[in-house]
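What follows is one structure encoded as structure tokens, with my remarks underneath.
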Amino acid sequence: MSHRALLLVNHHSRQGQRRLGEAISCLEKLGFDLLEESTEHPHHIGEAIQKYKHQVDMVIIGGGDGTLNAAVDVLVNTQLPLGILPLGTANDLARTLGIPQSIPEACKIIAVGQVRHIDLGLVNEKYFFNVASLGISVKITQHLTKQAKRRWGIFAYLLTALQAMWQARPLSAEIRVQDKSIRTKTVQITVGNGRYYGGGMAVVHDAKIDDQRLDIYSLEIEHWWQIIPLLPAIRQGRHINSPSVRAFHGQDIEVYTRKPYPISTDGEITTYTPARFRVIPKALAVFAPLPENV
């Protein structure tokens, strides 16, 4: 049976323009009836999904985490299942879900039709897949250019992160979680729904995108160089055991700051503090391998 799919590929993503033809060819050979729409700007993604929601069975998005974040709110509203072609730089959601980086293999995952119902994070009425954060991560978002990602790939994150860490200054915050109130000085607050973010770093080593919880950590260092010994642990999600990291998990978390600070969701600045973070269980259907294969 042929499936009618809306195909949205971000031409500005690292591999979007170059691999668009390959993706179309793979999907058509697998029996998909494709309706392709150009997505030159993030807001076009939501508009296209809304426009064709009654004409298709699913939405297939080719791009990175920022492209997917631009679509998530409309996907929740339409409840169309999502297929992912990892054509971005970091592809952290694909990594969390165990979706192969190979385009032919990613197309086969969609064609098999195995659906996982995943949780989403929600901060100030903005949905996110992977993480919402403030502090160093926002600096990285502000300095990480499309040109750098296209030229250096995943290494662009490392180079930009080093620059952001050098400029980092602690901010005062109050975190409320599970009837507790914690006041802290921190350079980074990260609230994770999935496992991976920032080019393959893990929020927590055992985080899952369908565990119905948010994992939060606060990085409480005084000098930028103190983060360097933590980097290997951050990569593996084991940094939560460090004395300079405060970690918790919950379903409803609030963060207050003395002045509004920007918050990035999946690498895009979308809201500001004060912020309320919630987990929305089984909010979206995604074509992905079964959990035991992830």
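The values are calculated or read from the model by the stated rules, or taken from the named source; none is laboratory data. This one's a predicted model, so the numbers in the text were calculated from it and none came from an experiment. Positions of Cβ are generated from backbone atoms using ideal geometry, with glycine treated the same way; all protein chains shown enter the neighbour counts.
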- Item | Residues located in the stretch 209-245, provided they are modelled with pLDDT under 95 and in a loop (DSSP other than H, G, I, E, B) | 220, 221, 222, 223, 237, 238, 242, 243, 244
- Message: Quick check on the stretch 246-282: of everything there that is assigned to a strand (DSSP E or B) and of a type in the set (Phe, Trp, Tyr), which residue is surrounded by the most Cβ atoms within 10 Å (Cβ to Cβ)?
- Response: 277
- Query: Any idea which of (1) surrounded by fewer than 17 Cβ atoms within 10 Å (Cβ to Cβ); (2) assigned by TED's automatic domain parsing to the domain that holds residue 177 is the one residue 285 doesn't satisfy?
  - Reply: (2)
- Query: Do any helices (runs of 4 or more DSSP H) lying entirely in the stretch 1-112 carry at least 1 residues that are over 25 Å from residue 264 (Cβ atoms), and which ones are they?
  - Reply: 16-29, 42-52, 103-112
- Would you check if there is a residue in the stretch 260-271 being within 30 Å of residue 58 (Cβ to Cβ) and among the aromatic types (Phe, Trp, Tyr)? no
- Query: Is there any pair linking a residue in the stretch 107-118 that is under 13 Å from residue 29 (Cα atoms) to one that is buried (at least 17 other Cβ atoms within 10 Å of the Cβ), with Cβ under 6 Å and at least six apart or on different chains, and which?
  - Reply: 107/26; 107/27; 110/83; 110/287
